[in-house]
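To start, the structure under review is shown below, and the notes come after it.
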Amino acid sequence: MTIAVCPGSFDPFTLGHLDVVRRTRALFDGVVVGVAKNAGKTALLSLDERVTIVRAALAADPATADVRAEVVPGLVVDFCRDAGAAVMVKGLRGGGDFDAELPMGLVNRHLTGVETVYLPGDPAYAHVASSLVKDIARHGGTIEDMVPDGAAALVRAALRAQRR
């Protein structure tokens, strides 16, 4: 049985992320979504809120109902080992994503032997990035067509709390 991990900070989880998880599930026997802290970013949503969004989105989609989401407590490669995963899957929207992901994939393989597989993102979601979703919401724009049900309300609530 081959298990894959789809890791990310998912701040917030988008429909592009869900598409990658859905396609990963079609390729592997089991999938775990690893929700991680990114030391290089200040998250808008708490780790618990991000996990809640991911779990709700996975449960609502028949293609991903058996995928689980868990917090990554440290290094993603250690999380992969603990999950019994032989591979990590990352979605790519374009060359910039590949340039950022390739060094991480190489170091992950160096550290533990876990391979990284890169899936090209669906062109329908090529414009959807978590940072853009937050920026659009910050300026009052519509994000409901870019995130799973319930995520937009959590993003807006977090932005309101940030302004206080």
**Prompt:** LEU119: in contact with an Asp or Glu (Cβ under 6 Å, 6 or more places away or on another chain) and not small (Gly, Ala, Ser), yes or no?
**Reply:** no
**Request:** Kindly indicate the residue of segment 83-130 that is of a type in the set (Phe, Trp, Tyr) and in contact with a Gly (Cβ under 8 Å, 6 or more places away or on another chain) and also surrounded by the most Cβ atoms within 10 Å (Cβ to Cβ) among those meeting that condition.
**Result:** TYR125
**Request:** Identify, by number, the condition in (1) of a type in the set (Val, Ile, Thr); (2) within 26 Å of THR52 (Cβ to Cβ); (3) out of contact with any helix residue (DSSP H, G or I) (no Cβ under 7 Å at 6 or more places or on another chain) that VAL107 doesn't meet.
**Result:** (2)
**Asked** Would segment 155-164 turn up any residue that is of a type in the set (A, V, I, L, M), under 22 Å from LEU58 (Cβ atoms), in a helix (DSSP H, G or I) and touching a helix residue (DSSP H, G or I) at 6+ places or on another chain (Cβ under 8 Å)?
**Response** yes
**Request:** Run VAL133 past the list (1) within 19 Å of ALA158 (Cα to Cα); (2) loosely packed, with under 15 Cβ neighbours inside 10 Å and report the number of the one that doesn't hold.
**Result:** (2)
**Request:** Just name the residue that is farthest from ALA83 (Cα to Cα) out of those in segment 16-27 that are buried (at least 21 other Cβ atoms within 10 Å of the Cβ) and either of a type outside the set (D, E, K, R) or in contact with an Asp or Glu (Cβ under 6 Å, 6 or more places away or on another chain) (or both).
**Result:** GLY16
**Unique residue being small (Gly, Ala, Ser), modelled with pLDDT of 95 or more and in contact with a Leu (Cβ under 8 Å, 6 or more places away or on another chain) when the list is ALA65, ALA57** = ALA57
**Message:** Which numbered condition in (1) exposed (fewer than 13 other Cβ atoms within 10 Å of the Cβ); (2) farther than 12 Å from ASP11 by Cβ; (3) not basic (Lys, Arg) is the only one that SER46 fails?
**Reply:** (2)
**Fill in**
Of the candidates ALA86, ALA43, the one satisfying the condition of being under 17 Å from SER130 (Cα atoms), over 12 Å from the mean Cα position of the chain (by Cα) and modelled with pLDDT under 95 is ALA43
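The values are calculated or read from the model by the stated rules, or taken from the named source; none is laboratory data. Given the structure is predicted, the values throughout are model-derived calculations rather than measurements. Positions of Cβ are backbone-derived with ideal geometry, glycine not excepted, and every protein chain shown enters the neighbour counts.
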